[in-house]
Each structure stands twice: as structure tokens, then as C-alpha cells.
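J.: One structure, pasted below without further comment.
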Amino acid sequence: MLYFIGIGLNDEKDISVKGLEVVKGADVVYLESYTSKLACSVEKLEEFYGQKIILADRELVEQKADETILKDAKTKNVAFLVIGDVFGATTHIELMMRAKKDGIKVKIIHNASILSAVGVVGLELYKYGKVTSIPFENKDVRAPVEVVLENQKNGLHSLVLLDLRPEQDKFMTINTALEFLVEKGLDSELSVVGCAGIGSDAPEIRFGKIKEIISAEFTKFPQCLIIPGKLHFMEEEALEFWKQ
Ligand SMILES: C[S@@+](CC[C@H](N)C(=O)[O-])C[C@H]1O[C@@H](n2cnc3c(N)ncnc32)[C@H](O)[C@@H]1O
């Protein structure tokens, strides 16, 4: 059996009770380690779960799953842990389909994702357009600006995810991301919400014009950005809480 378990956004205690029960009883536990990062260490997770954790990098999940995760799941109970929600990153549908094609039983245990947790800023989740992301290698990349402009045209909010390499402790900052967006043509008079450490006890959320937020201080990681679309008066009021 292969269990896909979302472990939430912040620390070892964000896993659901159902997820924890499965992890405690699993024969093998993998942690997908390349699409996001918790605020606690892997040792802390191991201690709380009472299990040894195998770190699964992109190569293991995308190229070596046959010899590792899927092989184990044919005869054992395997827990595959994902920070946030299981399907908040694009890559895990493929692993699930491969398991099913191999005749492996699959169970999913969901959790909060950054895609839903951004609701905390007060913008209607139903009114978001296409999500975009800014990669570290972005010299010739225009897609994020095009996505934001298209969403703006339709009055929709834009969630912009920022690249990260947790294994190297490397995270794109909101400041760098805004410099990139302005360089690629976004107006620095546009309003934006910077979000860092969502899901923690003290998330950092700041609202203002790009030209203000570009130099604002954010200390937590990971970070993301929201560019509001057309605002309902309730949304306007909510954003005032985060005014820079
Ligand atoms: C692939 S997505 C998240 C996938 C994860 N499975 C989920 O469901 O949340 C990773 C990106 O989301 C954003 N992100 C993730 N967690 C965050 C947090 N706690 N606060 C702010 N941004 C976050 C960052 O931009 C990060 O690079």
C-alpha cells in the first residue's frame, strides 16, 4: 500500500491525526524534500513520528521511484510525505498514476496547502486566476508577467510562487521576485501582498505598492506573492490589516 500524506505547512504537529496514525504504523517513510520546506528539522519530524525518514529528492521521485518507493509499496506499507498538501505541487499525480498502473493500492490523506492557506490575506480564493511561479534561472522568462497581466485583465488575483532549493537552503525572496517582475514590465505602482511563513504562529504578510514592498523586510521562508485583481469592498478592508 502506498499512502500519500500531506503534512501541512509549518512543523511536525501539522500532520492530521489520521496521517500520524498511518506514519506511525508504516514500514517505510519517505519525505519529498524538494518542492517546499517546513520550519522544523527532519530530526524533529523523526522524533515526533517515531520513525526513520528517507529523504526523497527529485531524482528519486521522478527517475528512481521504480526501484525505491514503488518497489517497497508492492510488499510493504509505505508513507510518502509531502509538505503542504499532496497535490499542491504538480509532480505527484504522476507517481500516484504509476503506482495505480503497477497494481499498488493507494490512499491519500490531505492537508492544508499554500494554495488554500493564502486565504488568510482576505482575498476570495474563488477569484484567483492561473497560478504562476518564478524560477531562479529567469533571464529569458516572461511567463509570470504574462500570467499576472492576463489575470488582471480578467479582474482575477494572481498567486506567484517563488523558486526554492531546500537541499541547498536556497529560497527566492519576495524582494528579488519583485525586482524580476518590474524588470520584466510590471508597473511598480501596482498593489501586491508579500507572504512569508504562512501557517506559522507569526506569518509575515505585508500589503502595499510594489515600490514599497520591494524593500520590505521578510525573515521567514518559503515566501510567495499575491497581486490582487478587482477588489470587493470586503477584500479592500481585509488588505488594510496588512498595510505596510
Ligand atoms: C510547489 S509550492 C507548494 C507545494 C506544497 N505541496 C503545498 O501544497 O503547499 C511551493 C511554493 O509555495 C510557496 N510556499 C509554500 N509554503 C509557503 C508558506 N508556508 N508561506 C509562503 N509561501 C509558501 C513558495 O513560493 C514555495 O516556493
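The values are calculated or read from the model by the stated rules, or taken from the named source; none is laboratory data. Since we're looking at a predicted model, the values are computed, not measured. Positions of Cβ are generated from backbone atoms using ideal geometry, with glycine treated the same way; all protein chains shown enter the neighbour counts.
J.: Among VAL193, VAL145, VAL182, which is the only one that is surrounded by fewer than 17 Cβ atoms within 10 Å (Cβ to Cβ) and either among the hydrophobic types (A, V, I, L, M, F, W, C) or assigned by TED's automatic domain parsing to the domain that holds GLY119 (or both)?
T.: Working: VAL193 fails: surrounded by fewer than 17 Cβ atoms within 10 Å (Cβ to Cβ); VAL145 fails: surrounded by fewer than 17 Cβ atoms within 10 Å (Cβ to Cβ).
Sole residue among the options that is surrounded by fewer than 17 Cβ atoms within 10 Å (Cβ to Cβ) and either among the hydrophobic types (A, V, I, L, M, F, W, C) or assigned by TED's automatic domain parsing to the domain that holds GLY119 (or both): VAL182.
J.: Take the residues of region 169-179 that are touching a Phe, Trp or Tyr at 6+ places or on another chain (Cβ under 7 Å) and among the β-branched types (Val, Ile, Thr): which is surrounded by the most Cβ atoms within 10 Å (Cβ to Cβ)?
T.: For region 169-179, the residue satisfying everything is ILE174.
J.: Right, here's the next one. Looking at (1) more than 26 Å from LYS37 (Cβ to Cβ); (2) outside any helix (DSSP H, G or I), find the lone condition where LYS139 falls short.
T.: (1) is the only condition that LYS139 fails.
J.: Okay, next question. Can you tell me which residue is nearest to the ligand (Cβ to nearest atom) among those in region 153-176 that are out of contact with any helix residue (DSSP H, G or I) (no Cβ under 7 Å at 6 or more places or on another chain) and of a type in the set (S, T, N, Q)?
T.: THR173
J.: Same structure again: With LYS220, LYS184, LYS230, LYS211 as the choices, which residue is near the ligand (Cβ under 9 Å from one of its atoms), among the basic types (Lys, Arg) and modelled with pLDDT of 95 or more?
T.: Working: LYS184 fails: near the ligand (Cβ under 9 Å from one of its atoms); LYS230 fails: near the ligand (Cβ under 9 Å from one of its atoms); LYS211 fails: near the ligand (Cβ under 9 Å from one of its atoms).
Answer to the selection: LYS220.
J.: Sticking with this one: How many residues are small (Gly, Ala, Ser), loosely packed, with under 14 Cβ neighbours inside 10 Å and not in a loop (DSSP other than H, G, I, E, B) if we restrict to region 148-168?
T.: 0
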